[in-house]
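**Student:** One structure is given below, represented as structure tokens, and several questions about it will come after.
Throughout, read-outs are computed from the coordinates displayed, never taken from laboratory work. These numbers come from a predicted model, not from an experiment. FYI the Cβ positions are ideal-geometry reconstructions off the backbone, even for glycines, and counts take in every protein chain you see.
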Amino acid sequence: MYVADSRGTPAPAVTPEPQAVAPGTSPGRRAALAPTVLALGTVSLITDISSEMVAAVLPLYLVAGLGLSPLGFGLLDGLYNGVGALVRLAGGHLGDRFGRHKALAGIGYALSALCKPLLLLAHTLPAIGAVLALDRTGKGLRTAPRDALISLAAAPEHRGRAFGVHRAMDTAGALIGPVLAFLILRGAADGYDAVFTVSACVAALGVLVLVLFVPGRPARARPAAGAEGTGGAADAGTDDRVSLSASLGLLRGRDLRRTGLCALLLGLCTVSDGFVFLLLQRATGIADRWFALLPLGTAAAFFLLALPLGRLADRIGRRRVFLGGHLALLLAYGLLLTGGHLWLPYAVLVLHGGFYAATDGVLMAAAAAAVPEEHRGGGLALVQTGQALARFAAALGFGAAWTFWGPRPALAVAALLLAAAVGVCVRLRPAAD
């Protein structure tokens with residue numbers, strides 16, 4: 001969103017025991033990435049091109065094109081994040097119960113692909129809300145099974161690196177998507193309709209790559225000898241029964257409960273991307289024709305920092321990097337409150353991308369360390385669901401605050417709440433940190 005080699009040097013004249021290495025590697029070499037991680041990264045790259053083409057123009061399309069108020073946009077944006085949360089538990093649990101993580105992910109990707117052409121027909125708030133809800137249902141179904149496949153294919157001590165590579169590939173799509181949207185808007189007579197049409201075609205390609213190249217049951221990597229503090233304890237000695245109640249019971253574990261609570265508290269204080277870009281446009285006076293390129297700056301920073309910060313998280317602790325990402329976001333809010341300096345867009349977008357690089361994959365790597373393999377999808381979905389529901393509430397709250405107070409007071413309150421939440425999470429230290 002990576003790893004220091006922890007093997008010790010054997011004593012003289014003693015033959016070292018064979019060490020477990022990730023599939024496809026040989027002893028003495030850095031563990032290669034599992035083919036599953038690379039295949040899923042390719043699927044995410046293609047799918048993110050499609051999604052970010054829409055996301056890049058959606059705020060402007062809704063607010064400037066359809067005339068929605070900030071409160072209406074906040075409702076839609078919250079729906080965009082919140083509906084998926086309601087089905088993430090189902091997606092993660094069903095993938096665990098039937099061992100069909102790939103099938104669940106494929107259904108989710110297919111649903112999202114079907115929604116892109118439907119945007120051509122939706123021109124009212126209820127219709128657009130229904131399409132976005134269906135799109136987020138697809139995302140909710142696929143996210144936990146996909147992340148479960150990644151975590152199961154990577155050795156525990158290399159999970160930060162694996163998630164970092166996946167998120168970097170995913171974000172490469174986020175770099176390409178806004179550029180395509182920008183070029184289409186400049187060259188097509190019916191720019192928004194053209195963006196939605198091309199997006200649908202690209203999304204269908206992503207589903208095809210998933211079906212053809214992602215294995216249904218990836219080889220499960222084992223931890224290297226001597227690796228500690230990487231979640232190995234959570235992968236053994238657990239109940240084999242897979243049920244929804246058993247998945248919910250994972251919250252009785254101290255590490256997962258505190259990790260999920262931190263994600264929830266911080267999510268409640270996070271201003272959604274669309275609002276960040278609208279705030280940045282208002283602060284700097286960026287013309288509407290350049291608006292679609294703002295997500296490109298965030299994506300570029302995310303892409304460049306995902307692997308280094310994932311590697312750093314494996315080395316110094318995932319919790320520290322996760323909280324550091326929220327401090328970067330807090331600094332971005334502070335800069336937005338200072339006014340329209342020439343360097344403001346660059347600084348805010350770099351900090352915004354750094355926030356995602358330090359939190360997205362890092363959170364999943366941290367949660368995977370506290371979840372046994374047989375409940376991996378459901379356990380990751382618990383954390384994702386709490387975070388998504390919190391961001392749903394945050395979008396509604398910020399939209400209402402903007403409508404009644406104005407953008408700057410609303411952002412100032414969000415910044416104060418985020419600072420307080422980081423302070424609380426500093427004290428919520430998991431035992432495995």
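**Student:** May I ask for the distance between the Cα centers of the stretch 115-191 and the stretch 276-325, given as a whole number of Å?
**Tutor:** 16 Å
**Student:** Right, next: Please work out whether the stretch 271-360 counts as rounded, prolate or oblate from its C-alpha gyration tensor, where a ≥ b ≥ c are the square roots of the eigenvalues and a/c under 1.5 means rounded, while otherwise a/b larger than b/c means prolate and anything else oblate?
**Tutor:** Prolate, since a/c reaches 1.5 and a/b exceeds b/c.
**Student:** A further question on this structure: Compute the distance in nm between two label points, each set 7 Å from the Cα along the Cα-to-Cβ direction, one at L125 and one at L183.
**Tutor:** Distance between label points: 3.7 nm.
**Student:** Sort the following peptides by mean Cβ neighbour count (other Cβ atoms within 10 Å, averaged over residues), highest first: 138-147, 264-273, 400-409.
**Tutor:** 138-147, 264-273, 400-409
**Student:** Ranking request for peptides 159-166, 175-182, 324-331: highest mean number of other beta-carbon atoms within 10 Å first, then the rest in descending order.
**Tutor:** Top of the packing list down: 159-166, 175-182, 324-331.
**Student:** Right, next: For T197 paired with L327, estimate the spin-label separation in nm (one decimal), with each label point 7 Å from Cα along the Cα-to-Cβ line.
**Tutor:** The answer from the label model is 5.0 nm.
**Student:** Fewest to most neighbouring Cβ within 10 Å: what's the order for T137, T171, T338? List each step's numbers first, then the result.
**Tutor:** Values: T137 22, T171 28, T338 10.
Fewest-to-most ranking of T137, T171, T338: T338, T137, T171.
**Student:** Right, next: Starting from the Cα gyration tensor of the stretch 87-136, take the square roots of the eigenvalues, sort them a ≥ b ≥ c, and report rounded, prolate or oblate (rounded when a/c is under 1.5, otherwise prolate if a/b is larger than b/c, else oblate). List each step's numbers first, then the result.
**Tutor:** On the way: a/c = 6.65, a/b = 2.42, b/c = 2.74.
Taking the square roots of the gyration eigenvalues as a ≥ b ≥ c, the stretch 87-136 is oblate.
**Student:** Classify the stretch 160-213 as rounded, prolate or oblate, taking a ≥ b ≥ c as the square roots of the eigenvalues of its Cα gyration tensor: rounded when a/c is under 1.5, otherwise prolate if a/b is larger than b/c and oblate if not.
**Tutor:** Note, shape of the stretch 160-213 comes out oblate.
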